[in-house]
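Below is one structure, written out as structure tokens; the observations come after it.
Each value in this text was obtained by applying a stated rule to the coordinates, not by laboratory testing. Bear in mind the structure is a predicted one, so any value in this text is a computation, not a measurement. Please note: Cβ atoms are built from the backbone with ideal geometry, for glycine as well, and neighbour counts cover all protein chains shown.
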2 protein chains.
Amino acid sequence: MENTHRSGCPISTSLEVIGDKWTLILIRDMLCGKKRYGDFLDSPEKITTNILASRLSDMERYGLVTKQLYNKRPKRFEYVLTPMGSALKPIVQSMCIWGNSFFPETWVPPKSFMAPD
Amino acid sequence: MENTHRSGCPISTSLEVIGDKWTLILIRDMLCGKKRYGDFLDSPEKITTNILASRLSDMERYGLVTKQLYNKRPKRFEYVLTPMGSALKPIVQSMCIWGNSFFPETWVPPKSFMAPD
């Protein structure tokens, strides 16, 4: 993690880590049990392989996920949320509420996803 | 607002509007009472004038803020949150909690900012 933040504001510092259009989509996928490259590529937003590789590498560097080898030849990894990554759930839950309020065409998430931990 | 979203997911759709490093910084500033160009430029993250102009214009287009003339010559505008913009408060509050938990050097926001509305 970089030590030079734009400011000491917790919102600004959070945005340096999750302030892009893809990271929280991958967090959503992992909160829903997805772990593997192919799982993330299958999501309806159709992330490209180069953005996926770049985001997963950033997320590992920031400490949001850990990478675990599940196949030796060829080498294949699974990505698992750390406590820091799992703790993003209230942020994505708030986004669900906001999104559902102002974009009525959006899906309503399952109650299990919206339940407090 | 564009009608072609990446998917019907409320998280993905929200990120199309607020998924960048600056929009929620400006929302924070407006939630704290800032309204004018110079106020936003004064914030410690030091947004540049061209990014500020671009983000304010996007935010107006998405319906997060309205622009109000407060000086006729020269023309000067104030930016005020719409209900859609104000409703982002729980998202930035969740980011404060997450930021404070995982970046201990970040500021703790005033209780008034963290109170439910």
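How big is D, in µm² s⁻¹, for the protein assembly as shown by Stokes-Einstein at 4 °C and 1.567 mPa s if Rh is the Kirkwood radius over C-alpha pairs?
Details: Rh = 18.8 Å.
Here the translational diffusion coefficient equals 69 µm²/s.
If the only charges are +1 at each Lys and Arg Cβ and -1 at each Asp and Glu Cβ, what is the size of the charge dipole of the protein assembly as shown around the Cα centre, to the nearest 20 debye?
Values: 32 positive and 24 negative charges, 50 e Å.
Here the size comes out at about 240 debye.
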Practice item. Take the Cα atoms of the stretch B:10-84, find their three principal axes, and give me the spread along each one in whole Å, biggest first. Key: 42, 25, 22
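Pairs B:K35/B:K111; A:K21/A:K75; A:K21/B:K67; A:K89/B:K89; A:K34/A:K75; B:K35/B:K89: which exceed 20 Å Cα-Cα? Write down the numbers at each step before the final one.
On the way: B:K35/B:K111 22 Å; A:K21/A:K75 28 Å; A:K21/B:K67 26 Å; A:K89/B:K89 16 Å; A:K34/A:K75 18 Å; B:K35/B:K89 16 Å.
Table pairs above 20 Å Cα-Cα are B:K35/B:K111; A:K21/A:K75; A:K21/B:K67.
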Practice item. Report, by chain and number, residues whose modeled amide H sits under 5 Å from the one on B:V65, excluding near sequence neighbours (fewer than 5 apart, same chain). Key: B:E60, B:T82
Practice item. Would you please name the trypsin sites (Lys or Arg not before Pro) within the stretch A:11-108 that are DSSP coil residues with at most 15 other C-beta atoms within 10 Å of their C-beta? Key: A:K46, A:K72, A:K75
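Which ordering of A:F103, A:F40 is given by a fewest-first count of other beta-carbon atoms within 10 Å?
On the way: A:F103 17, A:F40 21.
Ordered by Cβ neighbours within 10 Å, fewest first: A:F103, A:F40.
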Review point. What is the spin-label model distance, in nm, from A:S112 to B:M84 if the labels are put 7 Å beyond Cα along the C-beta direction?
Key: 3.3 nm
Exercise for review: With unit charges on the beta carbon (Lys/Arg positive, Asp/Glu negative), name the residue among A:G63, B:A53, A:S101 whose Cα is farthest towards the positive pole of the charge dipole of the protein assembly as shown.
Suggested key: B:A53
Study note, to complete from the structure: Exposed-loop cut sites defined as GluC sites (Glu not before Pro) in DSSP loop states with at most 14 other Cβ within 10 angstrom; longest site-free run of chain A spans A:3-104
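Roughly how big is chain A's charge dipole about its Cα centre, with Cβ charges of +1 (Lys, Arg) and -1 (Asp, Glu), in debye to the nearest 20? Working shown, then result.
Details: 16 positive and 12 negative charges, 106 e Å.
Dipole size: approximately 520 debye.
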Revision key, fill the gap. Quick note on B:S94, B:S112, B:S54, ordering by fewest other C-beta atoms within 10 Å, gives B:S112, B:S54, B:S94
